[in-house]
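The values are calculated or read from the model by the stated rules, or taken from the named source; none is laboratory data. The model shown is predicted, which means the values in this text are computed figures rather than measured ones. Every residue, glycine among them, receives a Cβ derived from its backbone with ideal geometry; neighbour counts consider all protein chains shown.
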Amino acid sequence: MTDRLFPAAAPVVSPLRNVDPRVKIAAAVSLSILVFQAGPGQIVLLSLFLALLIVLSGGRRRDVVRILKPIALFAVLLFFLHALFTPGREVLRLPLLPAVTHEGLAQGGTVAWQFAALVVTGGLLTLTTLPSELVAALDKLLRPLRIFRVPTQDLAVMAAMALRFAPTFLEEYQRMKTARLARGGGAPGERLSRKLRTTGRMAIALILGALRRAEELAAAMEARGYARGPRTSMRELRLTRGDYAAVAVMASFTGLFFACRLFM
Amino acid sequence: MKQNPPSLRGLAYASMFGALTAAGAFMMIPLPPVPITMQTFFVSLAGALLGGYLGAMSQAVYILLGVIGLPVFAGGKAGFGVLLGPTGGYLVGFVVGAYVIGRLTAARERPGFWWLIAAMTVGHVFIYALGIGQLAVVAKLNLTKALAIGLLPTIPGGMLKIVMAALVCLKVREHVKL
């Protein structure tokens, strides 16, 4: 379950896999902004572009399915919420339900699409980039924030630690839930106060585990001579000709996107 | 402690709370009719246990995880666009809220239950002020509507999470060695 929520970089050789992580993060950021700006015409355009990126990522179909599956139910739910509860021109009336409206269908479709597009964009980035590369790139990309005295190097290292442990915590939580079920807890009709108390206890166990892991991690890092401040990296990031080409593609797509907006 | 740079252990603590907030997007409190996620629960705890600076750092780490594509924002969303979207203000609010909660908690030598509740409530005021502000601007809602969508449905769950966070904080704070 956890690897579905946190897709790991697939070990396939593909054009996207070789693009500099900084370029990929920047592209994912701009795409996720475009997703919110898209009107009907641009939705088609952006979907085609995302499909192209999936092909370039060496995308196996099951990777895409794996990314979309956990959110599919939620997207469908969102679609029906909007379809049913947006006032407007009536299209279809079902018994016992509010009328489905034209505006509602359009809005529901847009919202569900935005949702899926955001998840695919994020998934493409994590599928084609190793966590170590992501962190190295973050370190570089956050650097301008230093003038606001943001400790960007600390943040990059911390993001690396969190990236490693977020799936672990989720797994521990799931294991505790399963253990509770196995012991006969969580039966239907259980009193609410009891449910809440169990949730609190699980949270305490989870937090104590997290604190212990943090201490072990800090001790291990200190033992290996970790020092804060400027660091060198095992993989130096260097922009190649292919990376500039990727930037050019992204820039021209953004241009096309806004040109569409002007003329459509 | 405020003046010294935080120790490596402190940074590790903060990363863990960033990770917990991220994982919290998938943890539900079984509250009828709609179960709620445990994210703001961890925001309160990060501030109360780690102090203002590290608490804010932990939430910044959480946002970074979402920006690099992990589906950890509310409802499994990810990406920088969410920060600029209608619910992005809440995310920025997490950083500010954790900072405020941390500073208020640290104002007392050994804050008791009610002091924690008060600190967390004030922190949540900041979270909601930023969240609803952005919601109103981005979704072009007037303030009443924004309040009705962004605040009212979350009040019972939010209060419950604050109480739980305060109780949990009292239980685990002895184990935090900054």
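Results, tabulated for the structure shown:
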item: Boolean, B:L45 is touching a Cys at 6+ places or on another chain (Cβ under 8 Å), buried (at least 19 other Cβ atoms within 10 Å of the Cβ) and either among the small types (G, A, S) or under 19 Å from B:G157 (Cβ atoms) (or both); result: yes
item: Residues (within 9 Å of chain B (Cβ to nearest Cβ), more than 24 Å from A:V55 (Cα to Cα) and not in a helix (DSSP H, G or I)) located in the range A:110-152; result: A:L142, A:V150, A:P151
item: Output for the range A:30-68, where each listed residue is within 11 Å of another protein chain (Cβ to nearest Cβ) and either touching a strand residue (DSSP E or B) at 6+ places or on another chain (Cβ under 9 Å) or in a helix (DSSP H, G or I) (or both); result: A:S30, A:L31, A:S32, A:I33, A:L34, A:V35, A:F36, A:Q37, A:I67, A:L68
item: Qualifying positions in the range A:161-186 - within 12 Å of chain B (Cβ to nearest Cβ) and farther than 30 Å from A:A136 by Cα; result: A:Q174, A:M176, A:K177, A:R180, A:G185, A:G186
item: Extreme residue, modelled with the highest pLDDT, among residues of the range A:74-106 that are β-branched (V, I, T) and loosely packed, with under 14 Cβ neighbours inside 10 Å; result: A:V76
item: Per-region count, the range B:69-87, residues farther than 21 Å from A:L134 by Cβ and crowded, with 21+ Cβ neighbours inside 10 Å; result: 1
item: Filtered residue count, the range A:217-242, keeping only those that are surrounded by 11 or more Cβ atoms within 10 Å (Cβ to Cβ) and either facing chain B (nearest Cβ under 9 Å) or not in a helix (DSSP H, G or I) (or both); result: 12
item: Hits in the range A:46-84 - residues which are in contact with a Phe, Trp or Tyr (Cβ under 7 Å, 6 or more places away or on another chain) and over 17 Å from B:K77 (Cβ atoms); result: A:F49
